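First comes the structure, then the notes that go with it.
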Amino acid sequence: MINAIFNTKKFLIPTLWILVIAVLAIIIVRTDYAARENDSRLYSIFTQQLAGKPFSKINTLEWQGSSAFSETETPYVRDHLIGQFIFPVIIAKLGYSSKHAIYLANIIYKALSLYFIYLLVSYYFEKNIALLTTILIQLTPISLNYQMRANHEPLLLLLTLASLYCSIRVKDSKFFSIPTFLATQLCFLVKGIAFIPIMPIIFIANIFNQENIRKPNIKQLLILSAICFSTILTAIAYEYLFRSNTGHSFFEKYIQVQIMGRSFAEDKSNIFLLSNIKTFTYYIGRVLVYSMPWSLIAIIILLRNKFKLQITDKSKNLYLTLLLSSLIYILVFSISSRTASRYIYPAYYLLNIITIIYFFEQLNLKERYKFISKETTPLTLFFILTISKLIFS
């Protein structure tokens, strides 16, 4: 009886994903994997440090050793919240290598992100289209570039996709307000003030997918509003816990350094708004490049069709939701004084989803490539790409 249950596809695919992640978890430790870029190495060190502390003091991250970012007032890290370390520290405390825990966590985040991409696309299209999307999106430059890192971007992508999908589904069931709430809260703990794009995104996702856009469901919007404002309580709780553990304020320094000192630093060499326009074009360029080849293919198809979209009504809502969500990330970070392609990391995936689906719709390839879209193909590709990175990097 038990064998019959676990032989069904309902349990087979999740079981295979768990086995793949378990094998990768072993290989990470056996190869003593460490990413080459500095942020990943630093986050691995931070995870090891926090894993050695009581969980009640998880937000007392310290600059142990010399760093250009170390503050002089306290030994603590007060320019970033510690949301990205919560799950890796739990993994480490359960017995996994603390040095490698954040790499394993990011593998899990990437796998779950593919799952939410599948859920999102399959909500509008056939299952084989959703599966093909999860396959092709793994072969984009941005995905390959972040295949095995310890940065917080993979977690940010997961939280963006989860909050977007669940806020769409709030119209089907109030249950989806719970994961929307959790994703939004954790996004704040990961990104701090830079979590702001999540707030308009969940409203856009909900409104553009309601039955009547002109008369949206007020109860659903009130639920989403409560979710957004609840992050204020999370900030208060974080400040209280930090003060209790260290005797110092967290957000006083955070606002001074991260917001006033970096994000909105005055640059007298730039003409008013000129730097923001430059930043906007910088991010637009990055989105198009990191969404290759699908962004290029979409542009070619648009030119061939003389800019006539020729899309179905059912895909229109998804296109608008993802396009506006991607644009929100670009606009929000175009205000900042700093530029870095990683700041708009989720935008690359949101645009990739659009362009891949548009490719299928225009060329009617969904039936022709049905043989590729097997449920085991995404995890097989995921395993090959990840293990290649572990062995050959």
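A few comments on the model shown:
- Residue satisfying all of: in the range 192-207; over 15 Å from ALA347 (Cα atoms) and in contact with a Leu (Cβ under 8 Å, 6 or more places away or on another chain); surrounded by the most Cβ atoms within 10 Å (Cβ to Cβ) among these: ASN206
- Scanning the range 82-136 for residues that are over 24 Å from ARG36 (Cβ atoms), in contact with a Phe, Trp or Tyr (Cβ under 6 Å, 6 or more places away or on another chain) and not β-branched (Val, Ile, Thr) yields PHE116, LEU119, LEU120, ALA130.
- Within the range 112-148, the residues that satisfy the criterion of being in a loop (DSSP other than H, G, I, E, B) and among the hydrophobic types (A, V, I, L, M, F, W, C) are PHE125, MET148.
- Residues within the range 26-52 that are within 23 Å of ILE82 (Cα to Cα), hydrophobic (A, V, I, L, M, F, W, C) and surrounded by fewer than 20 Cβ atoms within 10 Å (Cβ to Cβ), tallied: 3
- Residues in the range 154-193 that are closer than 19 Å to PHE229 by Cα, outside any helix (DSSP H, G or I) and among the hydroxyl-bearing types (Ser, Thr, Tyr): none.
- Residue count, the range 38-95 (criterion: at pLDDT 90 or above, touching a His at 6+ places or on another chain (Cβ under 8 Å) and more than 19 Å from CYS187 (Cα to Cα)): 1
- Subset of the range 226-249 [under 18 Å from CYS187 (Cβ atoms) and crowded, with 17+ Cβ neighbours inside 10 Å]: ILE227, CYS228, THR231, ALA235, TYR238
One line per residue, one yes/no per condition, for (1) touching a strand residue (DSSP E or B) at 6+ places or on another chain (Cβ under 6 Å); (2) assigned to a helix (DSSP H, G or I); (3) among the hydroxyl-bearing types (Ser, Thr, Tyr); (4) at pLDDT 90 or above:
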| position | (1), (2), (3), (4) |
| --- | --- |
| ILE201 | no, yes, no, yes |
| ARG214 | no, no, no, no |
| THR231 | no, yes, yes, yes |
| ASP267 | no, no, no, no |
| LYS278 | no, yes, no, no |
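- Residues being part of a helix (DSSP H, G or I) and within 18 Å of ASN245 (Cβ to Cβ) - total across the range 63-111: 5
- Verdict on LEU158 being of a type outside the set (Asp, Glu), free of Cβ contacts under 8 Å to residues at least 60 places away in the same chain and surrounded by fewer than 21 Cβ atoms within 10 Å (Cβ to Cβ): no
- Pairs, first of a type outside the set (Asp, Glu) in the range 104-130, second outside any helix (DSSP H, G or I), C-beta under 6 Å, six or more apart: ASN128/LYS370; ASN128/SER373; ILE129/LYS366
The values are calculated or read from the model by the stated rules, or taken from the named source; none is laboratory data. In this text, all values refer to a predicted model and were calculated from it rather than measured experimentally. All Cβ positions, even for glycine, are placed from backbone atoms using ideal geometry, and neighbour counts span all protein chains on display.
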